[in-house]
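Following: one structure in C-alpha cells, then a few remarks.
The values are calculated or read from the model by the stated rules, or taken from the named source; none is laboratory data. Predicted model, so just to flag it, every value in this text is computed and none were measured. Glycine also receives a Cβ, built like all others from the backbone with ideal geometry; neighbour counts cover every protein chain displayed. Accessible surface areas use protein heavy atoms only, side chains included; no ligands, DNA or RNA. Shrake-Rupley method; radii C 1.70, N 1.55, O 1.52, S 1.80 Å.
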Amino acid sequence: MTIAVIPNAKARHIFLTKHGLVTAPVGVGKGADLQEVVNDLGFVQLDSVNTFARAHDLIMWTRRQQYRPTHLSNLLTKDRGVFEHWTHDASAISMDHFVHWRLKFARDAAWLESRWKEWRRDDFTKKIDEVLRHIDRNGCCTSGDVGTDEERGKGGWWDWHPSKTALEYLWRSGQVSVVRRENFTKIYDLTERVIPPEHLNARLAEQDTVDWACGFALDKLGFATSGEIAAFFALVTPAEARAWCKAALADGRVIEVDVAGVDGKLRRSFARPDVHDLTLPDLSQRVRIMSPFDPALRDRKRAERLFGFHYRIEIFVPAPKRQYGYYVFPVMEVDQLIGRIDMKRQGTTLVVTAFWPEPSVRLGAGRIKRLQSEIGRAARFGGCVDVAYADDWLRQ
C-alpha cells in the first residue's frame, strides 16, 4: 500500500493550527475564553524564570494578547478550571483531565517510593502521615511550614528536608493539591478540599485513560510517532503508546503517513484518516515572540525537523560559552521560526540586547517593522513603558 506524503509546508500548517498559532491572537484572554485555550492545549507548562515574562504567561499571551498573568491564576484559584500537576514538567492542566491523572498519581507514587528513598537524605516516608495530619488540622501550607525542626539542606532539590520531600510526594501522588501560588511558591491543601466534587469523585479504568491520552496527543500533534504520542503528556508508557497505535491502525482510527521535514527527509508517523482533507484557516501574518516552553516548541527535535530551528536553553551554560544568551525567546513569523531575541525587563524598560535571524532570513525594512511592533506589544504586556535597543541589536 502506498503511504501518502504530507509536504513540509502543510505539516507546519497542520501543527500550528492544532496549537492555536495560525489565526490572529484575538480574544479577551480570561474566564471562559482562557479556559477554552487551556482545554484546547491540554496543559500549559509552568516555569519560574521571569526575565521578561514567565513561560506560562507568555504561552497564553501569544494566543490571546489581552491576557494578563492574573487571568491564569484566577482559573486555578477561583474558577478551578485547571489544576497543577506533572506532565513532562510542572504544568497547569485542564480540570477536565483530572480523572485521567489518577493513573499518573498511582504510577508516580510507586516510582517515588522506590527511588526517593535512595536519592534523598533520611527517610521521607516516615513523615508522610505527620505532614498529612498537619495539613488536615492547619489547612493550607508551604514546604516551609512543615518539618520546622528539621535541618534545611543546601544542596538543591536532592537535599530537601524529609518533610518537604514528603509534601512533594503527597502532591505527586495526588493526596494534596496546589491551592494557589504566592511569588511562585506552591501552597498546598488536601485534594478533597481543592478539586471540585464532580472531578474528585470520577473514576475510569486504566485502559480508558491510556486510550484517551494517546488519542488526545495525536489530535493535538496532528501527526506523530508512538514515541511522540507517549511524550506529549508523559502519562502513558512508550509500550502502551505503541500498542495503542497498532490497535488504532488495525481498526481504522489512524493511518500511516510520511511527514516531510524541512530538509525533505520523510518520517513515518500516524495521523487521523482525514488528515489529508483538513480545512485549515489562513495563516496570520503576525510576528510572535514565543516562550521556549511553548507547546509547539517543547519537543526540540520535532521543531528542528519541521522548522529547521535548533534551540537550546543556555541558563546553565557559563556566560562566556553561550552562543546567544541566558534566556532568549524564539520568534515566529507566519509559519516560520525566523530567529531568536535576547530581551529582559529592567524596571519599566524592556531592554533588547540582540535579535539573531536564522541564516535564511533576510532582515528587510518590512520585517524589522513587524518585529518592532511585536516588541512594543510585548513591552506593554510586561508592564514596561519604554523599549531600549542596544546599538548592535540587529545581528546579521
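Brief remarks on what is shown
- Given (1) closer than 23 Å to residue 200 by Cβ; (2) surrounded by fewer than 21 Cβ atoms within 10 Å (Cβ to Cβ); (3) at pLDDT 95 or above; (4) out of contact with any Gly (no Cβ under 6 Å at 6 or more places or on another chain), number of the condition residue 105 does not satisfy: (4)
- Filtered by the rule that a residue be of a type in the set (A, V, I, L, M) and surrounded by fewer than 23 Cβ atoms within 10 Å (Cβ to Cβ), region 218-245 gives 231, 234, 239, 243.
- Test for residue 195: is it among the β-branched types (Val, Ile, Thr), within 20 Å of residue 87 (Cα to Cα) and assigned to a loop (DSSP other than H, G, I, E, B): yes
- Conditions (1) open to solvent by less than 30 Å² (accessible area, probe 1.4 Å); (2) touching a Cys at 6+ places or on another chain (Cβ under 9 Å): number failed by residue 271: (2)
- Of the criteria (1) without any contact (Cβ under 8 Å) to a residue 24 or more places away in the chain; (2) open to solvent by less than 40 Å² (accessible area, probe 1.4 Å), which one residue 369 fails: (2)
- Count - residues of region 21-34 that are buried (at least 19 other Cβ atoms within 10 Å of the Cβ) and either at pLDDT 95 or above or basic (Lys, Arg) (or both): 5
- Failed item in (1) without any contact (Cβ under 8 Å) to a residue 40 or more places away in the chain; (2) among the β-branched types (Val, Ile, Thr); (3) assigned to a helix (DSSP H, G or I), with residue 279 passing the rest: (3)
- Inclusion of residue 314 among residues that are free of Cβ contacts under 8 Å to residues at least 24 places away in the same chain and of a type outside the set (Phe, Trp, Tyr) is warranted.
- The listed residues are 340, 302, 298, 288, and the only one of them that is open to solvent by less than 20 Å² (accessible area, probe 1.4 Å), within 16 Å of the chain's Cα centre (by Cα) and of a type outside the set (Gly, Ala, Ser) turns out to be 302.
- Subset tally (residues that are more than 29 Å from the chain's Cα centre (by Cα) and outside any strand (DSSP E or B)) for region 369-392: 4
- Considering the conditions (1) more than 22 Å from residue 55 (Cβ to Cβ); (2) open to solvent by 20 Å² or more (accessible area, probe 1.4 Å); (3) of a type in the set (A, V, I, L, M), residue 351 is excluded by exactly one of them, (1).
- Members of region 15-46 that are within 17 Å of residue 78 (Cα to Cα) and part of a loop (DSSP other than H, G, I, E, B): 29, 30
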